[in-house]
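Enquirer: Have a look at this one.
The values are calculated or read from the model by the stated rules, or taken from the named source; none is laboratory data. All values derive from a computational prediction rather than experimental measurement. Because the Cβ atoms are built from the backbone with ideal geometry, glycine has one as well, and the counts that use them run over all protein chains shown. Calculation scope for accessible area: heavy atoms of the full protein, side chains included, ligands and nucleic acids excluded. Shrake-Rupley method; radii C 1.70, N 1.55, O 1.52, S 1.80 Å.
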Amino acid sequence: MNQLDFKGKTAIVTGGMQGIGAAIVKRLESSGAKVAIWDLDGPGKVDVASNDSILGALKSTLNQLGRIDILVNNAGIAGPTMPVVDYPIEQWEQVIRIDLNGPFLCCRAVVPHMVKAGYGRIVNIASVAGKEGNPNAAAYAAATGGLIAFTKALGKELAQSGVLVNCVRPAAAQTAILDQVTPEFAKFMLSKIPMGRFVKVEEIAAMVCWLASEDCSFTTGGVFDISGGRA
């Protein structure tokens, strides 16, 4: 593993208790960063779909870490796999709330502190589904597609502020999110990857951490595929 220097840096990782988020936390901490995990399964029980929960977590994080250099918006759900005409409205809205509204609310809360400091790195975790669209997963595709567009918009807004905003677009990873889809759908997603395997969470963490580092200094509003050749 190549070593990045995050000594003296602080970070927030949403959905950091398992899967991709946990791998990102591990890599950041092993490189010297202090990390606050915002997760419903964490000790603080942060709900990224709730603005009140985010504001409370932000206050606690600032008290604990003093400032925020890095925000990784990773929390997300897949939602059910079924045709649009059968898709329950409540579950559609839940996917949008967590996967798209969540990063918006987190950025809205954290960005002013980064701008004031003149430095920040924001990395949003989207999906190749947001580029190509997966049949029977329209909510997830719509939410992650929206997150890609949001990344581009916010990146342009903040381009001269010292705060850079980028997005990672992975193919399917072997994480708990696959437990939310049918075995047939998981097999379909695997069949779309030319390398013939799911991406490893450590591979995603490596790309995310470069985008969160000082070495990433002239890239903003960018979208980075890590799809085994699919995209």
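Enquirer: Which ones in the range 116-127 are among the charged types (D, E, K, R) and either surrounded by fewer than 24 Cβ atoms within 10 Å (Cβ to Cβ) or in a helix (DSSP H, G or I) (or both)?
Expert: Here is the first cut: in the range 116-127, the residues among the charged types (D, E, K, R) are 116, 121.
Correct list: Lys116 only.
Enquirer: Another question, if that's okay. Please determine whether any residue of the range 195-216 is part of a strand (DSSP E or B), in contact (Cβ under 8 Å) with a residue 24 or more places away in the chain and under 15 Å from Asn74 (Cα atoms). Break it down into steps so the answer makes sense when it comes.
Expert: As a first pass, look at the range 195-216 and keep what is part of a strand (DSSP E or B): 199.
From the residues that got through so far, the ones that are in contact (Cβ under 8 Å) with a residue 24 or more places away in the chain too are 199.
Remaining after also requiring under 15 Å from Asn74 (Cα atoms): none.
No, that holds for no residue.
Enquirer: Of the conditions (1) surrounded by 18 or more Cβ atoms within 10 Å (Cβ to Cβ); (2) touching a residue at least 12 places away in the same chain (Cβ under 8 Å), Gln91 satisfies every one except a single condition; which number is it?
Expert: For Gln91, the failing item is (1).
Enquirer: Only one residue in Lys156, Lys192 is among the basic types (Lys, Arg), over 25 Å from Arg27 (Cα atoms) and either open to solvent by less than 40 Å² (accessible area, probe 1.4 Å) or at pLDDT 90 or above (or both). Which one? Please lay out each step first, then the result.
Expert: Details: Lys192 fails: either open to solvent by less than 40 Å² (accessible area, probe 1.4 Å) or at pLDDT 90 or above (or both).
Answer to the selection: Lys156.
Enquirer: While we're on this one: List the number of the failed condition for Ala23; all other conditions in (1) surrounded by fewer than 19 Cβ atoms within 10 Å (Cβ to Cβ); (2) of a type in the set (A, V, I, L, M, F, W, C); (3) within 28 Å of Ala139 (Cα to Cα) hold.
Expert: That leaves (1) as the condition not met.
Enquirer: Is it the case that Leu178 is among the aliphatic types (A, V, I, L, M) and either part of a helix (DSSP H, G or I) or open to solvent by 60 Å² or more (accessible area, probe 1.4 Å) (or both)? Outline the logic, then answer.
Expert: Details: among the aliphatic types (A, V, I, L, M): yes; either part of a helix (DSSP H, G or I) or open to solvent by 60 Å² or more (accessible area, probe 1.4 Å) (or both): yes.
Against the criterion (among the aliphatic types (A, V, I, L, M) and either part of a helix (DSSP H, G or I) or open to solvent by 60 Å² or more (accessible area, probe 1.4 Å) (or both)), Leu178 qualifies.
Enquirer: Let me ask something additional. Kindly indicate whether any position in the range 46-61 is more than 17 Å from the chain's Cα centre (by Cα), free of Cβ contacts under 8 Å to residues at least 24 places away in the same chain and at positive phi.
Expert: Taking every residue of the range 46-61 in turn, none turns out to be more than 17 Å from the chain's Cα centre (by Cα), free of Cβ contacts under 8 Å to residues at least 24 places away in the same chain and at positive phi.
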